[in-house]
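Novice: Here it is, the structure, as structure tokens.
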Amino acid sequence: MSDSNVIRGTMLLTAATLFSRILGMIYMFPFTALVGAQGIALYQYAYIPYTIMLSLSTVGIPLAVSKFVSKYHTLGDYRTGRRLFKSGLLLMTFTGFIAFLILFFLAEPIAHLLIKEGSEGNTIADVTLVIRVVSLALLIVPIMSLTRGFFQGLQSMGPTAVSQVVEQIFRIVFILVSSVIILRFMGGNETTAATFATFGAFVGAVGGLLVVFWYYRKRKPSLDRHLEESTVDHNVSLGDMYKEIVTYALPFVIVGLAIPLYLQIDTLFINPALQSIGYDKTTYETVFAIITGLAHKLIMIPVSLATALAMTIIPAITKSFTSQKEGALQKQLTQTFQMLLFLTAPAAIGLAVLSEPVFRVLYPTVNQELGSHLLMWYAPTAILFALFSVTAAILQGINKQKFAVYSLLSGLILKAALTYPLVVLFEGKGAIIATDIGLITSVIVTIIIIKKYTDYQFAFVFRRIMLIGIFVILMAVTAKLATLPLENAMPNLYQSKSEGGSMLFSIINLLIGIGVGGVLYLYLSYRSNLAGLVLGERFKFLKRH
């Protein structure tokens, strides 16, 4: 396959992944309006342990399979890749079934860890049921993921891209349609709607699996021809295959678990800590839903967009490091860091400054004062999540992935140790502070290792970051000042119980804040040539000559 086809396929897959992630964030707004904070809390109780169990059941094998298949196909050995695919399907079926059994039968003990039984809010039986319902998806998703990895190893990104989008669309349509039917036409409650919503993971997985199997059936004659024409066979034993794959995949899955593990720690400690200082069940479940679900979905938008762009540089970093081209490596690292912060910092700080109108517009049915307050604290954490994701990827790029694992573990230990006491001291925002401390620790460790093994000079990028910081501060102050006149002119409307008037006010104020702050940041970045220097290779029109 030609380089242009490979590049086109990679761009297609990147676009599909971004589109799927954005869909996965946007649907949360109408879903929250339907089921409220209690329904979102119930949904999150199921989804966070499911995400962790899914990662453990696949152990990063799909990604490793794509590398393995690509390696042997390049050598003209089609038999080894096919043998791995067939045995991998059996392995993924087995590990998926084991993961399903574990999550299904541990559902009730997990539920007891998450909440205490009471007359208000979600019950132990509710949490147990949603965890068991979502566990069904573990029977299918590992098989689908492995098949995607096989196609990616053939440098065919279309099947993965299409199946990702179809999976997400099936899941979201099922969640929203079932919620509307249950709540609007069948007279059901939010608990029932949230329970059906967790089944959306299974429905989406069926859709994605049908797509990849359709592609496999369509392309099987061509694949079989390659197999018949193959004259090379390395006779790699299955044991050696899986040893190579697991060695490669394990660091990827551990780093990929970073965000779910941080959320799982919050799931274990937020509720009991808030209960210990007198919060009733309805209120502490609302705090939990905001931090792990509603606010988290928002902060992941800039993280996803910025890391997707920055990650495109990682293969080049690997190549430069391997071929010992120090000058190119220094330049690529600088480009990665400044691109990441140029995109993430204004989005995260802007989200914090405009947290009140943002939360009111997107989640009008949830406690506004509490939600906007927690979002304001949580938004800057997006910068840390993005930094850790990219620095960990750089360590993998320079073949120092074990240090990425160590840095993650050091951050998680601090997060686990500090969450409960900080929540007791500072309430909901204490969990966010604990996350920040853990991530800062992990980022510091990754940066030290990058410095040690690449001799990277941070002085230049630090000056560039200072310039970005100044522009972000000016943007934030200007955006806040721009929203004050309307806020002061219509305080009664803002406090009004008239939902329509309050919503209209918030939309206008949000547009003013985004417009004024965004235009100023872009203007300063363009006039100083910062935008051209950071993004110039991708957007040449931004360069000032």
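Novice: Between a first residue in segment 316-340 that is under 20 Å from LEU305 (Cβ atoms) and a second residue that is open to solvent by 10 Å² or more (accessible area, probe 1.4 Å) and among the charged types (D, E, K, R), which pairs have beta carbons less than 6 Å apart while being 6 or more apart in sequence or on different chains?
Specialist: GLN338/ARG464
Novice: Right, next: Answer yes or no: is there a residue in segment 366-387 that is assigned to a helix (DSSP H, G or I), touching a Ser or Thr at 6+ places or on another chain (Cβ under 6 Å), open to solvent by 10 Å² or more (accessible area, probe 1.4 Å) and over 30 Å from LEU486 (Cβ atoms).
Specialist: No: segment 366-387 contains no residue that is assigned to a helix (DSSP H, G or I), touching a Ser or Thr at 6+ places or on another chain (Cβ under 6 Å), open to solvent by 10 Å² or more (accessible area, probe 1.4 Å) and over 30 Å from LEU486 (Cβ atoms).
Novice: Could you tell me whether segment 158-173 includes any residue that is among the acidic types (Asp, Glu), part of a helix (DSSP H, G or I) and closer than 30 Å to LYS86 by Cβ?
Specialist: So the first thing to find is which residues in segment 158-173 are among the acidic types (Asp, Glu), and the list is 167.
Keeping just the survivors that are part of a helix (DSSP H, G or I) gives 167.
Now restrict to residues that are closer than 30 Å to LYS86 by Cβ: 167.
Scanning segment 158-173, I find at least one residue that is among the acidic types (Asp, Glu), part of a helix (DSSP H, G or I) and closer than 30 Å to LYS86 by Cβ, so the answer is yes.
Novice: Anything in segment 123-176 that is free of Cβ contacts under 8 Å to residues at least 60 places away in the same chain and polar (S, T, N, Q)? List them, or say none.
Specialist: THR123, THR128, SER163
Novice: Against the condition at pLDDT below 80, surrounded by 15 or more Cβ atoms within 10 Å (Cβ to Cβ) and among the charged types (D, E, K, R), how does GLU499 come out, does it pass?
Specialist: Values: at pLDDT below 80: yes; surrounded by 15 or more Cβ atoms within 10 Å (Cβ to Cβ): no; among the charged types (D, E, K, R): yes.
So GLU499 fails the test.
Novice: A further question on this structure: Please list, ordered by first then second residue, the pairs with beta carbon atoms under 9 Å, 6 or more apart or interchain, first in segment 10-37 and under 30 Å from SER66 (Cα atoms), second among the acidic types (Asp, Glu).
Specialist: SER20/GLU167
Novice: Then there is this: Residues of segment 392-424 being crowded, with 24+ Cβ neighbours inside 10 Å, closer than 28 Å to GLN324 by Cβ and not aliphatic (A, V, I, L, M), which ones?
Specialist: Within segment 392-424, GLY397, SER407 qualify.
Novice: Do you know which residues across segment 116-152 are among the small types (Gly, Ala, Ser), open to solvent by less than 10 Å² (accessible area, probe 1.4 Å) and either modelled with pLDDT of 90 or more or under 19 Å from GLN44 (Cα atoms) (or both)?
Specialist: SER135, ALA137 - these are the residues of segment 116-152 that are among the small types (Gly, Ala, Ser), open to solvent by less than 10 Å² (accessible area, probe 1.4 Å) and either modelled with pLDDT of 90 or more or under 19 Å from GLN44 (Cα atoms) (or both).
Novice: Find the residue count for segment 74-115, including only residues that are open to solvent by 20 Å² or more (accessible area, probe 1.4 Å) and under 22 Å from TYR50 (Cβ atoms).
Specialist: Of the residues in segment 74-115, 18 are open to solvent by 20 Å² or more (accessible area, probe 1.4 Å) and under 22 Å from TYR50 (Cβ atoms).
Novice: Determine the pairs where a residue that is farther than 16 Å from ILE299 by Cβ, located within segment 361-382, has a partner that is assigned to a helix (DSSP H, G or I) and among the basic types (Lys, Arg) with Cβ atoms under 8 Å apart, the partner being 6 or more residues away or on another chain.
Specialist: Matching pairs, first to second residue: GLN368/ARG360.
Novice: Which of the residues belonging to segment 121-179 are on the phi > 0 side of the Ramachandran plot and among the basic types (Lys, Arg)?
Specialist: To start, the set of residues in segment 121-179 that are on the phi > 0 side of the Ramachandran plot comprises 121, 155.
The answer is none; no residue qualifies.
Novice: Given the options ILE465, ILE433, ILE437, name the one that is at pLDDT 95 or above, assigned to a helix (DSSP H, G or I) and open to solvent by 50 Å² or more (accessible area, probe 1.4 Å). Lay out the reasoning, then the answer.
Specialist: On the way: ILE465 fails: at pLDDT 95 or above; ILE433 fails: open to solvent by 50 Å² or more (accessible area, probe 1.4 Å).
Just a single option satisfies the conditions, and that option is ILE437.
Novice: Kindly indicate which of THR336, THR283 is part of a helix (DSSP H, G or I) and open to solvent by 10 Å² or more (accessible area, probe 1.4 Å). Let's see the steps before the verdict.
Specialist: On the way: THR336 fails: open to solvent by 10 Å² or more (accessible area, probe 1.4 Å).
Criteria check complete, one pass: THR283.
Novice: While we're looking at this one, here's another question. For segment 183-205, give me each residue that is more than 27 Å from MET144 (Cβ to Cβ) and β-branched (Val, Ile, Thr). Give the derivation first.
Specialist: Just the residues of segment 183-205 that are more than 27 Å from MET144 (Cβ to Cβ), to begin with: 183-192.
THR191, THR192, listed by residue number.
Novice: In addition: Between a first residue in segment 242-262 that is at pLDDT below 70 and a second residue that is open to solvent by 50 Å² or more (accessible area, probe 1.4 Å) and assigned to a helix (DSSP H, G or I), which pairs have beta carbons less than 6 Å apart while being 6 or more apart in sequence or on different chains?
Specialist: Close Cβ pairs (under 6 Å, with a partner that is open to solvent by 50 Å² or more (accessible area, probe 1.4 Å) and assigned to a helix (DSSP H, G or I)) amount to PHE252/LEU63.
Novice: Then there's this: Looking at segment 229-240, which of the residues that are part of a helix (DSSP H, G or I) and at pLDDT below 75 is nearest to GLN401 (Cα to Cα)? It would help to see each step written out before you state the result.
Specialist: Filtering segment 229-240 down to residues part of a helix (DSSP H, G or I) leaves 229, 238-240.
Next, from what is left, pick out any that are at pLDDT below 75: 229, 238.
Working: GLU229: 37, LEU238: 25 Å.
For segment 229-240, the residue satisfying everything is LEU238.
Novice: Can you tell me which of (1) in a helix (DSSP H, G or I); (2) closer than 30 Å to LYS218 by Cα; (3) open to solvent by 50 Å² or more (accessible area, probe 1.4 Å) is the one GLN155 doesn't meet?
Specialist: The failed condition is (1).
Novice: With open to solvent by 30 Å² or more (accessible area, probe 1.4 Å), under 18 Å from the mean Cα position of the chain (by Cα) and modelled with pLDDT under 85 as the only criterion, which of LEU54, LEU12 stands out?
Specialist: LEU54
Novice: Kindly evaluate ILE175 against the criterion of being aliphatic (A, V, I, L, M) and surrounded by fewer than 20 Cβ atoms within 10 Å (Cβ to Cβ). If you could, list the steps in order and put the result at the bottom.
Specialist: Numbers: aliphatic (A, V, I, L, M): yes; surrounded by fewer than 20 Cβ atoms within 10 Å (Cβ to Cβ): no.
No; evaluated as a whole, the condition is false for this residue.
Novice: Within the set of pairs 6 or more residues apart or between chains, which connect a residue that is modelled with pLDDT under 70 inside segment 524-545 to a residue that is outside any helix (DSSP H, G or I) and open to solvent by less than 10 Å² (accessible area, probe 1.4 Å) with Cβ atoms less than 9 Å apart?
Specialist: LEU542/GLY536; LYS543/GLY536
The values are calculated or read from the model by the stated rules, or taken from the named source; none is laboratory data. Not measured: the values here are computed from a predicted model. Ideal geometry is used to build each Cβ from the backbone, glycine not excepted, and the neighbour counts take in all protein chains shown. The area values use the complete protein model at the heavy-atom level, side chains included, leaving out ligands, DNA and RNA. Shrake-Rupley method; radii C 1.70, N 1.55, O 1.52, S 1.80 Å.
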